[in-house]
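K.L.:
Mind having a look at this structure? Questions to follow.
The values are calculated or read from the model by the stated rules, or taken from the named source; none is laboratory data. Predicted model only: the values in this text are computed from it and were never measured. Don't worry about glycine lacking a Cβ; one is built from the backbone with ideal geometry, like all the others, and counts go over all protein chains shown. Remember, those area values only see protein heavy atoms, side chains included, never the ligands or the DNA or RNA. Shrake-Rupley method; radii C 1.70, N 1.55, O 1.52, S 1.80 Å.
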Amino acid sequence: MIQKVFPIRTSLRAPPYEGGAFADTLGRPLRDLRISVTDRCNFRCVYCMPRDVFGPDHAFLPHDELLSFEEIARVAGVFVGLGVKKIRLTGGEPLVRRDLHRLIGLLAKLPDIDLTLTTNGSLLAKQAQALKDAGLQRITVSLDSLDDVTFRAINDADYPVARVLEAIDAAAAAGLKPVKINMVVKRGVNDHQVLDMAQHWRHTGHIVRFIEYMDVGSTNGWRMDDVVPSAEVVKSIGDHFALEPIDPGYAGEVAERWRYKDGAGEIGVISSVTQAFCRDCNRSRLSTEGRLFTCLFASSGHDLKSLVRGGASDAELRDQIVAVWRARGDRYSEIRTAETARLHKVEMSYIGG
Ligand code: SF4
C-alpha cells in the first residue's frame, strides 16, 4: 500500500522575524519540539500502526528522504534560538535509526535543553548507556501491559514484556531516571490491568502515565466507546492507594500529575479526549523528512527540508518557522467529534506522539 501523501504546504517567502516574543493565534508560545527521526517501527501496536494497514508492502520513506542528523541538529538549533526548551525524539521507533547516539550528541550541545526520547524499549537495553553518555537526560518507555499475553497482542510483534522490563532497569542503571512509563488504556483490552500497572511501579521512583486512547491518524478504527476516561483511571487507583493532585511543573505540561499520599511516588494521566489541553499547547512537531506540523492531529505539514537543502540561511529558516507558528490555530482535541475522528490526519507512527 502506498503511504497517503499529505499535501506539503510550502509557504511563500516568510516576512523577516524582528525578534522578541511571539505566539500563535491563541496566544500560545513555541516551547517544545518533538522530532520524529524515522517512520519505521519494529512493533505494530494496534492503536498506532495496525498490521493490516502497515503490512509487508507498506512503503516507508526512503533513507535519502530523511533529514540527516546534521540537518536535524541545524533545524533544532534554530528552534532553540526561538525559545524552545524541550526536545523529545520520537518515531516510529527512534532506536531503529542507526547510531542515534550520534544525533543525541549533536543535540546535547544546544544550550539549556531538556532532551528526552520516547521508545517502545525493545532496543533500549543495548543502547541505554550510549544514549546517556551522548547526553540524553531522560527517557519515556511505552508499556501497555505487564501481562505477557496482552502485551504481545497489543504490540502485535510477539515481543515479550520481560524484555521491556529489563530495558527499563538498564535505562535506570545507565542514569536515565526516573523513567516515565506510558500506558495507553483501551477499554476491553487492558483497562482491567491499570491497577496492576500502578501497583508494580509504586516505590520504584519511576512514573506511570495512563494515556486515553486517541483517534490519532486515520487507521486505528478509533471509537469513543473504547476510551477509558482518566477520571475513571484515577478513581480506580485512588480507591486502593490514596492520591492527591500535584501542580503542573510548567504551562503546557501534558500529564495531569497525582502523588500517592503514602509517599510511594506519583502517576500521571494524559486526557486528550475527555479533558482537552489545547489551550496551552506549545508543541511543534518535525517529521523525519523535514515537515513542520503544528498539531498531532494535523492533516498537513510545512516543508522545511527544501529550505534546508535549498541553501536557505538560518535566518530564513527562522522566519519560516515563526510565520508558521504565528498562523497556528490548532485545537483539535477541543473540537473533536465522531466526524472529525474520521478525517484524514497524519499518522502517529510517522509524526510521533
Ligand atoms: S490536539 Fe493539537 S493543539 Fe490540542 S493539545 Fe494536542 S497537539 Fe496540541
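K.L.:
Could you compute how much accessible surface residue 281 exposes when probed at 1.4 Å, giving the result in Å² to the nearest 10?
P.N.:
20 Å²
K.L.:
If you wrap a convex hull around the alpha carbons of segment 311-353, what volume per residue comes out, as a whole number of Å³?
P.N.:
In segment 311-353, the Cα convex hull volume per residue is 119 Å³.
K.L.:
In the structure shown, do any of 109/345; 109/177; 85/261; 86/180; 180/261 have a Cα-Cα gap over 22 Å, and if so which?
P.N.:
Checking Cα-Cα distances, 109/345; 85/261 exceed 22 Å.
K.L.:
So what does residue 222 come to for accessible area, using a 1.4 Å probe and Å² rounded to 10?
P.N.:
The value for residue 222 is about 40 Å².
K.L.:
Follow-up. Let me test this: with uniform point scatterers at the alpha carbons of segment 156-226, what is the Debye-based log₁₀ I(q)/I(0) at q = 0.16, 0.17, 0.27 1/Å?
P.N.:
-0.71, -0.78, -1.28
K.L.:
Where the eigenvalues come from the Cα gyration tensor of segment 1-160, what are the semi-axes √(5λ) of the equivalent ellipsoid, largest first, in whole Å?
P.N.:
30, 21, 16
K.L.:
In addition: Once amide H atoms are built 1.01 Å from N in the peptide plane, which residues 5 or more positions from residue 303, or in another chain, come under 5 Å H to H?
P.N.:
So residue 303 has HN proximity to 9, 10, 11, 292.
K.L.:
Now, a different point. Could you run the Karplus curve 6.51 cos²θ - 1.76 cosθ + 1.60 with θ = phi - 60° over segment 101-117 and give me ³J(HN,Hα) per residue in whole Hz, x for Gly and Pro?
P.N.:
Each residue's phi maps through the Karplus curve to give 4, 5, 5, 4, x, 5, 5, 5, 7, 6, x, 6, 10, 8, 10, 9, 8 Hz.
K.L.:
With contacts defined as alpha carbon pairs under 8 Å and 6 or more residues apart, what's the relative contact order of the chain in percent?
P.N.:
24 percent
K.L.:
With every protein chain kept in place and ligands, DNA and RNA left out, what is the accessible area per residue of the chain? Probe 1.4 Å, answer in Å².
P.N.:
About 42 Å² of surface per residue is accessible.
K.L.:
Measure nothing but the geometry: give the 0 to 90° angle between the long axis through the Cα atoms of 124-134 and the longest principal axis through the Cα atoms of the chain, rounded to 10°.
P.N.:
Taking Cα atoms only, the helix is inclined about 50 degrees.
K.L.:
Quick check on the chain: take the gyration tensor over C-alpha atoms, sort the square-rooted eigenvalues as a ≥ b ≥ c, and tell me if it's rounded (a/c under 1.5), prolate or oblate.
P.N.:
rounded
K.L.:
Would you mind counting up the charge near residue 158? Only other residues with Cβ under 11 Å from its Cβ, with Lys and Arg at +1 and Asp and Glu at -1.
P.N.:
Around residue 158, the charge tally is 0.
K.L.:
Of the accessible area of the chain, with the probe set at 1.4 angstrom, what percent is carbon plus sulfur?
P.N.:
The value for the chain is 54 percent carbon and sulfur by accessible area.
K.L.:
Separate question: Please state, to two decimals, what the Cα-based radius of gyration of segment 86-150 comes to when divided by 2.2 N^0.38 Å (N = residues).
P.N.:
Here the Cα radius of gyration is 1.16 times the empirical estimate.
K.L.:
Taking the alpha-carbon set of segment 193-330, what are its Rg and Dmax in Å?
P.N.:
19.2, 59
K.L.:
Over all alpha-carbon pairs in segment 102-194, figure out the percentage whose distance exceeds 21 Å.
P.N.:
36 percent
K.L.:
How many percent of Cα pairs in segment 133-263 exceed 17 Å?
P.N.:
Value for segment 133-263 (Cα pairs over 17 Å): 63 percent.
K.L.:
Could you identify which residue out of 134, 59, 23 has the top mean-square fluctuation in a GNM of the chain using Cα springs shorter than 10 Å?
P.N.:
Checking each option, the largest mean-square fluctuation is seen for 59.
K.L.:
Convert each backbone phi in segment 210-221 into a coupling constant with the Karplus relation 6.51 cos²θ - 1.76 cosθ + 1.60 (shift: θ = phi - 60°), then list the ³J(HN,Hα) values in order as whole Hz, x for Gly and Pro.
P.N.:
Result, rounded to whole Hz: 9, 10, 5, 5, 10, 7, 6, x, 9, 10, 9, x.
K.L.:
Going from most exposed to least, what order do 36, 218 have by accessible area with a 1.4 Å probe?
P.N.:
So, going from the largest accessible area down, we get 218, 36.
K.L.:
Let me know the volume per residue of the alpha-carbon convex hull for segment 231-285, in Å³.
P.N.:
88 Å³
K.L.:
Picking from 319, 99, 57, which is most flexible by a Gaussian network model of the chain using Cα springs under 10 Å?
P.N.:
With Cα springs under 10 Å in the chain, the top fluctuation among 319, 99, 57 is at 57.
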